[in-house]
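**Student:** First the structure, which I've put down as structure tokens, then a few questions once you've had a look.
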Amino acid sequence: MFRKICIKSKELANQKIDIAFLVDTMLFYGNVVVLAHKKELITLLNFFEEDFLKELIKSGRLDLRVRENILGSMAFPGDKYNIDLFSKKDESYSAIIYEAHRELVKNSNKNSKFADELSKITQAFRYTPDITEQIKADFQNVGLLTKTLPIYIQERVPNFEMPNNLQVEIIKDSSFGPFDAYSLKSNIDIEKFNQASKELNGDRHYNFDYSGFLLALSESKGDIFISSHFESELVTTKLYSDFINQQFQDIIQRRLKSQENIDLFEEYALSECHKIGDAFVSRIVSSKDLLKLFEKADKFRDWLLKVPDDKNLIGEYHKAVTKETFADKLPTKAIRFLIFGGIGVTLDVRGAGGVGTAIATGLSAFDSFYLDKLISGWKPNQFIDNNLKPLTKKKNSC
């Protein structure tokens, strides 16, 4: 208990760090990490002053990490947005310390001396570039968006009436210079929201756009990264904490739903077969056969990826299997030879002579099975019935 805590932002009034809270945590926790950029450093120096701050760090009471990059959102013309990592070109964390110190002491020699001393007893912290890809992946998670957007709206205007059936969609639809541009569509009445915000906030009101929401979504994902990186508890804003809570609930709920879909599917489509994992452990299926099965399952997994998260697997499987295809509309199997004859006729007309007819005859004799597949298209039950079931069937069943 109370092994380690990381404080990213615990604001109090205009401070970026709640110093009283920080002091409390240093009493209870064995390791206290503070992520600081320029404004946080200024707050620390204002309250602790130089020598005391250095003593706290040297004694192990405080582990100060200076942030070399930060997450930010961008708003482009036409209600388009993006998020990215931002930092000054070639700016080291020593330079950030220098700038913060200079806000309080207008002496370049003293600024350089302090920056050099503090740099030796602190470390830099950087988000890795892949954090932005993780965030943009969340743009496609409609379930998460519909849970977090109301939290953001209520943060700005408590008790604002949301649509009964909230719809949210983020689409990558253009670019602005070197940046991708995303549009966010929802059925929230923005005009009504702005009016409510004016009445509530007065002079503090500003017209709504989605950049703040995307920043909150990004920062909460960044906070998860930070907590994982330091293997610690995390202190952040209430809004970001609420977003994180929804992200973890979403992860858990998606996993539970996935397992429920797997269980129901196995009961529906494979009730008389061994589960593939049990069959392998019981040596019913060899490692060689398992590798072959996994290769044959690629198309099935591709189909699964296209099943929407809000749909039922059994229902989608049933629809795919029973969907009428071109082959189902043909009057007889004899149409196969008409098609091949057509191929031959085409070749003959183009000067192949009897070769075309010979090829057509050879094809129809070669393998009518492949033509059936060409006409009918692939269905997920082809893998289940032709590959999985024969390998895992129980004795006297399946």
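The values are calculated or read from the model by the stated rules, or taken from the named source; none is laboratory data. Just so you know, these numbers come straight off a predicted model, no measurement behind them. When we count neighbours, we look across all protein chains shown, and the Cβ atoms used for this are built from the backbone with ideal geometry, even at glycine. Just so you know, the surface numbers come from the protein's heavy atoms only, side chains and all, with ligands and any DNA or RNA stripped out. Shrake-Rupley method; radii C 1.70, N 1.55, O 1.52, S 1.80 Å.
**Student:** Tell me, what is the per residue accessible area of segment 6-78 in Å², probe radius 1.4 Å?
**Tutor:** 47
**Student:** Test of understanding: what is the full-extension gain from ARG283 to ASP180, defined as 0.36 nm times their sequence separation minus their Cα-Cα distance?
**Tutor:** Length gained between ARG283 and ASP180: 32.0 nm.
**Student:** Right, something else. Report the Stokes-Einstein translational diffusion coefficient (µm² s⁻¹, integer) for segment 97-160, Rh taken as the Kirkwood radius over Cα pairs, at 10 °C with viscosity 1.306 mPa s.
**Tutor:** Once the numbers are plugged in, D ends up at 99 µm²/s.
**Student:** Near the amide H of HIS37, under 5 Å away, which other amide H atoms are found, from residues 5 or more places off or on another chain, if H is placed in the peptide plane?
**Tutor:** ARG67
**Student:** Here's a follow-up. Quick one: if you take sqrt(5λ) for each eigenvalue of the C-alpha gyration tensor of segment 189-339, what semi-axes come out, biggest first, whole angstrom?
**Tutor:** In descending order the semi-axes read 48, 27, 14 Å.
**Student:** Same structure, new question: Measure out, as a whole number of angstrom, how far apart the alpha-carbon centroids of segment 231-252 and segment 35-62 sit.
**Tutor:** 26
**Student:** Which value, in debye to the nearest 20, describes the size of the charge dipole of segment 137-212 about its Cα centre when Lys and Arg Cβ atoms bear +1, Asp and Glu Cβ atoms bear -1, and nothing else is charged?
**Tutor:** Roughly 80 debye for segment 137-212.
**Student:** Would you kindly state how much longer the chain becomes between ILE314 and ASP51 on full extension, computed as 0.36 nm times their sequence separation minus their alpha carbon distance, in nm to one decimal?
**Tutor:** Result: 88.0 nm gained on full extension.
**Student:** Keeping all protein chains in place and using 1.4 angstrom, which order do ARG254, ARG283, ARG61 fall into by accessible surface area, from largest down?
**Tutor:** Largest accessible area first, the list is ARG283, ARG61, ARG254.
**Student:** Using θ = phi - 60° and the Karplus form 6.51 cos²θ - 1.76 cosθ + 1.60, what ³J(HN,Hα) does each residue of segment 280-288 get, whole Hz, x for Gly and Pro?
**Tutor:** 6, 4, 7, 6, 6, 10, 7, 5, 5
**Student:** Which distance in nm do the two modelled labels at VAL23 and GLN134 give, with both placed 7 Å along the Cα-to-Cβ direction?
**Tutor:** 3.5
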